[in-house]
Amino acid sequence: MLLCLLIVFAKNTFAQKQTFDLTTFTPPTGWDKKEGQDAIQLSKHDEKSDSYCLITLYKSTPGTADSKENFDMAWTSLVKETITVSAAPEMQPAATENGWEIQSGHAPYESEGTRGVALLVTASAAEKMVNMIILTNTDVYEKEMTAFIESISLEKIETAPVGQPENPQQSTNTNKETFDLITYSPPKGWKKNVEGNFVSYIKTDDKTSTWCRINIVKSTISKGTIEADFENEWQELIVNNYKPTDTRKENEVQDADGWKIKAGSSKFTFDNKEAMAMLTTASGYDRCVSIVAVTNNKDYIKDVQELIASVDLIKPEVTPPTTAIANNDENTIIGTWLKTSTSNSNYSVNNGLHQYHKMQYEFKPNGTYNFLYRSFSYMPDIYFAKENGTYTIQGNTITIIPQTSVFETWSKGTIIDANGKEATVDKLGKLKSSQKRTLEKVTYQFTSEYFSGIKKWQLVLQYDKPTERDGPYNGGTAFSNAWLYGTAEFPIELK
């Protein structure tokens, strides 16, 4: 049944349509409907047989250029943190429709003693994604589910190379500018965008259908050599985004005031036309910085070269901590450590999509620990996990031995706003459910790392596979199979 549903997702029919954000659909007749700012829920429940089906269609959110990566993020944030799935999702072949690439997968789940199947469909286009989750414990509603999915159509979004606007406005700033560790002269007459981890300059010509984009990327921790840094940046910034179609061309490594610099280029295809991707990477002072340029016309290369020639690299301040902390001993780990993932982009904030997921360890001198997890999002509830137990340290390993672990679902707290209406807030309301979590005894490798750029210590925990307690890895390419927990300036609240 699920395979059939996945296959028909991309089809369109015409009936009494409704539109929510970028999605148009025909709701099933007789189903309950709840519409919020960020999602629509359609549900059917038979009290006699306790059979049910719940469909949640979400508002589009920012994504990446990789549809499978978008699916994986949605599976983690929308499925795994809502229900307990017993296996990785079984994926179906990707489909395309109206410019959207659709990834689908399903897995069995259990919730409050009830077993069912969770289906996630993620549609991706132009670095946006639209997600839909179906939870059901029966095939009774198969016909209605199929009709609903067949009715869905997604608004077409015109794609362009990452971040390229359709009607760029010109930038006339000719003075030197500084972004992170790079001071440079911006190209005249190009549109400027600041997008968190990079600043970009874009030029397009509608008459000739030509374009060029330059990204100045925020610095990251060096991997130790220019060769390692360049290879990592090439994979992350070029291969993942543009899928090169020929062998990379490289220049010789150059030295400049303590920095080593390497550049390379390769062709790729965009809109069935040949284009060029160029990467320039500098490595030094334990940092790595890069500039990416992509274009479909050689006439823009002169502007790219002029910007790169204007670059001055800033030597980062390396401020050692006032008190050195020895790695791999018990004193290193004592304290409260927190990791947080958020969605606070301008798009998210402007559309009321603020959300976060926090995980926190507190290691006490007496050999006991507490672990807390709290998730607040546009879902209707707040999710809370609490765990405690003991830990032992041997060399550079720490063994976590949980004694109790529970996962709780809370309603959101409410207030009366200035207009006299009830509104939800990030406070615990009423406890709706509580269930025991798996007790995971895990032996991590650990170390404490001082990050001079942010002038903070971080606790690095490494293990060969993700755990339910820690969730997806966040150590990036610098710390493989690892989680980074920082000092808890804003610890998890228990209320």
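The values are calculated or read from the model by the stated rules, or taken from the named source; none is laboratory data. Predicted model, so just to flag it, every value in this text is computed and none were measured. Every residue, glycine among them, receives a Cβ derived from its backbone with ideal geometry; neighbour counts consider all protein chains shown.
A few points about this structure:
- Among the criteria (1) basic (Lys, Arg); (2) over 23 Å from the mean Cα position of the chain (by Cα); (3) modelled with pLDDT of 90 or more; (4) surrounded by 13 or more Cβ atoms within 10 Å (Cβ to Cβ), the one residue 427 does not fulfil is (3).
- Criterion applied to 149, 134 was being modelled with pLDDT of 90 or more, among the aliphatic types (A, V, I, L, M) and in the same structural domain as residue 29 (by TED's automatic domain parsing), and the one residue passing it is 134.
- Taking residues in the range 77-101 that are of a type in the set (Ser, Thr, Tyr), and partners anywhere that are surrounded by fewer than 18 Cβ atoms within 10 Å (Cβ to Cβ), the pairs with Cβ atoms closer than 6 Å and at least 6 places apart or on different chains are 84/110; 86/108.
- Lone unmet requirement of (1) polar (S, T, N, Q); (2) under 24 Å from residue 303 (Cα atoms); (3) within 26 Å of the chain's Cα centre (by Cα) for residue 254: (3)
- Some residue of the range 313-336 being in contact with an Asp or Glu (Cβ under 8 Å, 6 or more places away or on another chain), at pLDDT 85 or above and under 30 Å from residue 381 (Cβ atoms): yes
- The lone exception for residue 160 - which of (1) of a type in the set (A, V, I, L, M); (2) at pLDDT 90 or above; (3) assigned to a loop (DSSP other than H, G, I, E, B) it fails: (2)
- At least 1 residues being of a type in the set (A, V, I, L, M, F, W, C) and touching a Ser or Thr at 6+ places or on another chain (Cβ under 8 Å) is the threshold, and among the strands (runs of 3 or more DSSP E) wholly inside the range 10-105 those reaching it are 23-25, 39-46, 51-58, 90-97.
- Test result for residue 116, modelled with pLDDT under 90, under 23 Å from residue 76 (Cβ atoms) and assigned to a strand (DSSP E or B): yes
- Number of residues in the range 242-259 that are over 12 Å from residue 278 (Cα atoms) and in contact (Cβ under 8 Å) with a residue 40 or more places away in the chain equals 4.
- Enumerated strands (runs of 3 or more DSSP E) restricted to the range 210-272, each holding at least 1 residues that are surrounded by 15 or more Cβ atoms within 10 Å (Cβ to Cβ) and assigned by TED's automatic domain parsing to the domain that holds residue 197: 210-221, 259-270
- Condition met for residue 465 (part of a strand (DSSP E or B), at pLDDT 90 or above and loosely packed, with under 13 Cβ neighbours inside 10 Å): no
- Within the range 350-372, residues that are over 19 Å from residue 385 (Cβ atoms) have Cβ atoms under 6 Å from residues that are modelled with pLDDT of 90 or more and part of a strand (DSSP E or B) in these pairs: 367/390, counting only partners at least 6 apart in sequence or on another chain.
- Close pairs (9 angstrom Cβ cut-off, 6 or more residues apart or separate chains): closer than 21 Å to residue 285 by Cα and without any contact (Cβ under 8 Å) to a residue 24 or more places away in the chain in the range 210-237, among the acidic types (Asp, Glu) and in a loop (DSSP other than H, G, I, E, B) anywhere: 224/286
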